[in-house]
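Scroll down for the structure; my scribbles are underneath it.
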Amino acid sequence: MPKDAHDTAADVTAAAPSTPAEDALRSRIQAEVTALRDSFDAGTTRPLEARLAQLAALRRGLRREEPRLARALAEDLGKSRTESALTELGVVSQEIAHTMKNLRTWQRPQRLSLGAMLAPATGQLRREPLGTTLIISPWNYPVNLTLAPLVAAIAGGNIAIVKPSEVAPATSAALTHLLRTHLDPGWVRVVEGAVAETTILLEQRFDLIFYTGNGAVGRIVARAAAEHLTPTVLELGGKSPVFVDEGADLAVTARRIVWGKFTNAGQTCIAPDYLMATPRTIQRLMPHLRRAVRAMYSGKPDRSLDYGRMVNTKHFDRVLALIDDDKAICGGTDTADRETRFIPPTIMQGVDWNDPVMGEEIFGPVLPILTVSGPDEAIARIRSGDKPLTAYVFSPRRSVEERFAEETSSGSLALGVTLAHVGTTGMPFGGVGESGMGAYHGRTGFEAFTHAKPVVKKPLTPDTLRFVYPPYRGMKRRLLRRLFR
């Protein structure tokens, strides 16, 4: 995400609160954390059946509150009912169903081999809950990116405090209603608010902090977590590149790029950020891109029910400033409307690597097109920057796909597709380097919210360990040296 994409925690380094109101807020948040920790210590979340019951309650609540959530998403981000179902509610529903179906298997102890030297003995790897967790979610997919980590937290047997983003206020209120109405407060509690609330939350001791947002705040979260040696999962962002190779099916490629880029008005952490291709491929690709925009959002995207809006005027102004109308071959600033937070799907050709639009993650409906000589230069450009959250390649050549897989590093690599892979329960999702650490979805999410504890058992008789007890003399010393040289 761009530097200010998660406004909640942007100033959490401010001085500690000292006013009576702030002291009261701190006391209230501390009480919430203490209540949840007491609930965990009482064993509330450990039984498998209890976890399944809470997941079922979340699923029922999601279905019952679907109209309220859809209205909130439309108000905050201009999302259509269909887009909300596809990218928010539906993804979470699938995550719940997949987790409930497989949780019993995931929780089952895994047998480990201890080798002949320790025989007779048995070993297991058991998954145990981490404990008290904090989930700080962003505004761009506020339902999905709040509830999907929560599913993993509950599945792992944890309790959780959820901090939704106040930048999407209607959705924050709807999520708060959902969680407080349908889930047990002994499992999940919600803290709404902005900088003050986030600052106080980060002062508390947690057993895991799960943060989705930008790298600047990710560092603040990591520093706060270090005070208690708290592990973190940081889902961040970056400039996710697209390379279109010569010979690719340009009509299909264009449709998949346009869909991935302009869904949610480009406010997606894994949206294609910029496109690279040779001059000849760009010349042939451009008509297909324009045609795909018209087909998906009509000739007037501002009237399309399927095209979203910028979340607020701050982000509207930021993204609009990145558009160079002289290079825009589609969209541009002319039809942008600050009052309705509308920026049209914009494609810019002839962009230079030093242009402002290449200086940060765009996080909006602007797609710059840059010229490269071929796969070699595209790979070199990716390697020269921060590791992206996702990289996209459209190529008919297996050798080119393999080169990107082997020679570039990114949170994920998508070949021939954009965006869709993030919603699958069978594939881990997470970043690397500047784009984040840790991953989740499906079993990976369950593992992120649990500790893999080895459990070793060796009978007292026969006492085969006598062989390694001192003193080490004679035949015993010679044999041990030979075995462990």
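Can you confirm whether segment 462-472 contains a residue that is in a loop (DSSP other than H, G, I, E, B) and surrounded by 12 or more Cβ atoms within 10 Å (Cβ to Cβ)?
The answer is yes, given that some residue of segment 462-472 is in a loop (DSSP other than H, G, I, E, B) and surrounded by 12 or more Cβ atoms within 10 Å (Cβ to Cβ).
Is there a residue in segment 373-391 that is at pLDDT 95 or above and under 30 Å from LEU103 (Cα atoms)?
Checking segment 373-391: at least one residue is at pLDDT 95 or above and under 30 Å from LEU103 (Cα atoms).
Please enumerate the residues belonging to segment 91-106 that are in contact (Cβ under 8 Å) with a residue 60 or more places away in the chain and either crowded, with 16+ Cβ neighbours inside 10 Å or closer than 20 Å to THR171 by Cβ (or both).
VAL91, GLN94, GLU95, HIS98, THR99, LEU103, TRP106
State whether one or more residues within segment 45-65 are at pLDDT 95 or above and touching an Asp or Glu at 6+ places or on another chain (Cβ under 8 Å).
Within segment 45-65, one or more residues are at pLDDT 95 or above and touching an Asp or Glu at 6+ places or on another chain (Cβ under 8 Å).
Looking at segment 79-89, is at least one residue part of a loop (DSSP other than H, G, I, E, B), crowded, with 24+ Cβ neighbours inside 10 Å and not hydrophobic (A, V, I, L, M, F, W, C)?
yes
Out of PHE210, PHE262, PHE206, report the one residue that is assigned by TED's automatic domain parsing to the domain that holds ALA414, buried (at least 22 other Cβ atoms within 10 Å of the Cβ) and either over 23 Å from LYS79 (Cβ atoms) or modelled with pLDDT of 95 or more (or both).
PHE262
Just checking, which of VAL357, VAL351 is part of a loop (DSSP other than H, G, I, E, B), in contact with a Leu (Cβ under 6 Å, 6 or more places away or on another chain) and surrounded by 13 or more Cβ atoms within 10 Å (Cβ to Cβ)?
VAL351
Report the residue count in segment 437-461 for those that are in a loop (DSSP other than H, G, I, E, B) and in contact with a Gly (Cβ under 6 Å, 6 or more places away or on another chain).
Qualifying residue count for the region: 2.
Condition test on ARG309, is it assigned to a helix (DSSP H, G or I) and either at pLDDT 95 or above or closer than 25 Å to ILE379 by Cβ (or both)?
no
Looking at GLY123, is it crowded, with 24+ Cβ neighbours inside 10 Å and either at pLDDT below 95 or more than 18 Å from the chain's Cα centre (by Cα) (or both)?
No, not satisfied.
Considering only residues of segment 37-78 that are over 22 Å from PHE206 (Cβ atoms) and small (Gly, Ala, Ser), which is surrounded by the most Cβ atoms within 10 Å (Cβ to Cβ)?
ALA72
In segment 443-458, which residues are crowded, with 21+ Cβ neighbours inside 10 Å, under 15 Å from THR105 (Cα atoms) and touching a helix residue (DSSP H, G or I) at 6+ places or on another chain (Cβ under 6 Å)?
GLY445, PHE446
The values are calculated or read from the model by the stated rules, or taken from the named source; none is laboratory data. In this text, all values refer to a predicted model and were calculated from it rather than measured experimentally. Note that we place each Cβ from the backbone using ideal geometry, even for glycine, and neighbour counts take in every protein chain shown.
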